[in-house]
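Here's the structure, in structure tokens; my notes come after.
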Amino acid sequence: SYLKSYPSAQRQDEALYLLGRTYLSMNDIAQAQEAFASIARKDPKSRYVVSSSMDLAEYYTRSANMASADSIYRIIVRDHRSDTAAASLAGYELAEHARMREDTIAALELYRQTADEYPMSESGAQARCKLAQLHRRAGRLDSTRFHLNVLAQRTDAPLIVANVLYDLGTSYMREKNFDLAVTYFERVRDDHAGIEDRYTLSMLGLGECYEALNRKPDAIQTYQ
């Protein structure tokens, strides 16, 4: 009704975007696509062009239509690089889909591209975390620690930092370098007690390291 009554209004693109989202919630994909396409026709520079593309890609992902979702994400990565939040999220989702297809080589490359191009974004940080995880699963602990240390230098988000410190601790623990593992677990204990999961796991790891180093009183105190 608004679109018909005020064809020249400045908020036409927003109305079209909301209309498209409503059609998506009704699973009327054809009407949603038409509403979203109208935004680009009316104003290619509208911020709702990217928002509508992301919503459409997320809809396809939820519908298990990964090919259509990936097609949209690739366009966002290619054409909207300056939109850091959207482009980095699109790159991350492309990597996630490759990982779910068990295409580890493609996933590693997509995570790396996203992490390198958008190092300060949330999705870029998540991509760097996934890089470290994949390298750890493959037993490449030097590569794991490289990506974790890069991440630690580029973010101050408590949850991410706690994850990084915990992962560094476990990587050294796997190599039986208990002294170094202790330094990272202790940092989680001292600085990130509010991150419950990582704090608890770090305390367990710390207790095991103390035992391995024959620091039994410290181990007992930690477990208590």
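The values are calculated or read from the model by the stated rules, or taken from the named source; none is laboratory data. These figures come from a predicted structure and were not determined experimentally. So basically every Cβ, Gly included, is an ideal-geometry build from the backbone, and we count neighbours across all protein chains shown. With ligands, DNA and RNA removed, areas are computed over all heavy atoms of the protein, side chains included. Shrake-Rupley method; radii C 1.70, N 1.55, O 1.52, S 1.80 Å.
Results, tabulated for the structure shown:
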quantity: Helix-only mean residue ellipticity at 222 nm for the chain, each DSSP H run of n ≥ 4 adding -39500 (n - 2.57), per residue, nearest 500; calculated: -25500 deg cm²/dmol
quantity: Percent of Cα pairs exceeding the 14 Å cut-off, where the set is the stretch 80-136; calculated: 43
quantity: Heavy-atom accessible area per residue - the chain, 1.4 Å, Å²; calculated: 56
quantity: Positive-pole candidate from 210, 195, 153, dipole of the stretch 82-224, charges at beta carbon; calculated: 210
quantity: Derived scalar couplings ³J(HN,Hα) [the stretch 72-81; Karplus, 6.51 cos²θ - 1.76 cosθ + 1.60; whole Hz; x for Gly, Pro]; calculated: 5, 4, 5, 5, 4, 4, 6, 9, 10, 4
quantity: Evaluated at q = 0.07, 0.18 Å⁻¹: base-10 log I(q)/I(0), Debye formula over Cα of the chain; calculated: -0.33, -1.17
quantity: Relative packing of 148-158, 112-122, which averages over residues the other C-beta atoms within 10 Å, highest first; calculated: 112-122, 148-158
quantity: Candidate residues 218, 79, 167: accessible-area rank, largest first, probe 1.4 Å; calculated: 79, 218, 167
quantity: About the Cα centre, charge dipole magnitude for the chain (Lys/Arg +1, Asp/Glu -1 at Cβ), debye; calculated: 320
quantity: In sequence order, calculated HN-Hα J values of the stretch 168-177 (Karplus, 6.51, -1.76, 1.60; Hz; x Gly/Pro); calculated: 5, x, 5, 5, 6, 5, 5, 8, 6, 8
quantity: Close Lys-Lys pairs in the chain, where close means Cα under 24 Å and separation is 8 or more or interchain; calculated: 4
quantity: Calculated from backbone phi, Karplus (6.51, -1.76, 1.60) coupling profile of the stretch 41-53 in Hz, x at Gly/Pro; calculated: 5, 6, 8, x, 8, 4, 5, 7, 5, 5, 4, 5, 5
quantity: Between helix 12-25 and the chain: long-axis angle, C-alpha atoms, 0 to 90°, nearest 10; calculated: 70
quantity: Relative contact order [Cα under 8 Å, 6+ residues apart], the chain, whole percent; calculated: 9
quantity: Percent of Cα pairs exceeding the 26 Å cut-off, where the set is the stretch 50-162; calculated: 18
quantity: Alpha-carbon Debye profile of the stretch 11-115, log10 I(q)/I(0) at 0.15 Å⁻¹; calculated: -0.61
quantity: Hull shadow area, averaged, the stretch 126-209 [alpha-carbon convex hull, nm²]; calculated: 4.8
quantity: 37 °C / 0.692 mPa s Stokes-Einstein diffusion coefficient of the stretch 6-67, Kirkwood radius on C-alpha pairs, µm²/s; calculated: 282
